[in-house]
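Engineer: To start, I am sharing the structure in question, which I have written as structure tokens.
The values are calculated or read from the model by the stated rules, or taken from the named source; none is laboratory data. Small disclaimer: the values here were computed from a predicted structure and weren't measured. Here the Cβ is made from the backbone with ideal geometry for all residues, glycine too, and neighbour counts use every protein chain on show.
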Amino acid sequence: MALYEHVFLARQDLSQPQVDALVEQYKGVIEAAGGSVGRVENWGLKSLTYRIKKNRKAYYTLMDITAPADAVKELERQQSLSEDVLRFLTLKVEKHEDGPSAMLQKRDRDDRGDRGDRFGDRGPRRDRDDRPPRSFGDRDERGPRRPRETVEGAAE
């Protein structure tokens, strides 16, 4: 049997339990066709780069699948008919990754909050008092501005 990574995007107006029900439904499709689903990662609600079917966000879910090609075709057919699934992508892989995917590793890195080494050491900041006086071009040589002239006969 071949190994696949399958990612699908579910509509933003679904709740997390509804997305979990979709995952269970698609697991059943794969298992009924003689395959198995390994790891399932919910990446959560994320913003889309561009609108898809009037949605600005979507629930992302990754599934590691070991199944024959017919099982994956049936899964993709059912997802293309579903109004809850915006997009899906299936990739054939040599082997499944161990541990969390790159998306979850990125989330863990962002949650750490130890960014001090990278952004905190920028060196001393110049004080505003150390700046040279500003130049206003030709105005300094001409002297102060003339006051505005009033126009006679204008409505007041």
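Engineer: Checking K46 against (1) surrounded by 14 or more Cβ atoms within 10 Å (Cβ to Cβ); (2) within 17 Å of the chain's Cα centre (by Cα); (3) under 17 Å from L89 (Cβ atoms), only one condition comes out false. Which one?
Structural biologist: (1)
Engineer: With the condition kept exactly as written, say whether any residue in region 12-22 is on the phi > 0 side of the Ramachandran plot and out of contact with any Asp or Glu (no Cβ under 6 Å at 6 or more places or on another chain).
Structural biologist: Checked region 12-22: no residue is on the phi > 0 side of the Ramachandran plot and out of contact with any Asp or Glu (no Cβ under 6 Å at 6 or more places or on another chain).
Engineer: For P132, are the conditions met, namely being modelled with pLDDT under 65 and either more than 30 Å from A21 (Cα to Cα) or in contact with a Leu (Cβ under 8 Å, 6 or more places away or on another chain) (or both)?
Structural biologist: The answer is no for P132.
Engineer: If you go through region 60-85 one residue at a time, how many are out of contact with any Phe, Trp or Tyr (no Cβ under 8 Å at 6 or more places or on another chain) and touching a residue at least 12 places away in the same chain (Cβ under 8 Å)?
Structural biologist: 8
Engineer: Mind checking which residues of region 10-26 are farther than 18 Å from S80 by Cβ and in a helix (DSSP H, G or I)?
Structural biologist: Q16, P17, Q18, D20, A21, E24 - these are the residues of region 10-26 that are farther than 18 Å from S80 by Cβ and in a helix (DSSP H, G or I).
This table checks each residue for (1) over 23 Å from L9 (Cα atoms); (2) among the β-branched types (V, I, T); (3) at pLDDT below 80; (4) under 21 Å from the mean Cα position of the chain (by Cα).
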position	(1), (2), (3), (4)
I65	no, yes, no, no
K106	no, no, yes, yes
D114	yes, no, yes, no
R118	yes, no, yes, no
R128	yes, no, yes, no
R139	yes, no, yes, no
E149	yes, no, yes, no
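Engineer: Another question about this same structure. Restricted to region 49-98, and to residues that are among the charged types (D, E, K, R) and over 24 Å from A33 (Cβ atoms), which residue is surrounded by the fewest Cβ atoms within 10 Å (Cβ to Cβ)?
Structural biologist: Ranking the qualifying residues of region 49-98, first place goes to D98.
Engineer: Another question, then. Exposed (fewer than 13 other Cβ atoms within 10 Å of the Cβ) and either basic (K, R) or without any contact (Cβ under 8 Å) to a residue 40 or more places away in the chain (or both): which single residue out of S36, S15 fits that description?
Structural biologist: The unique qualifying residue is S15.
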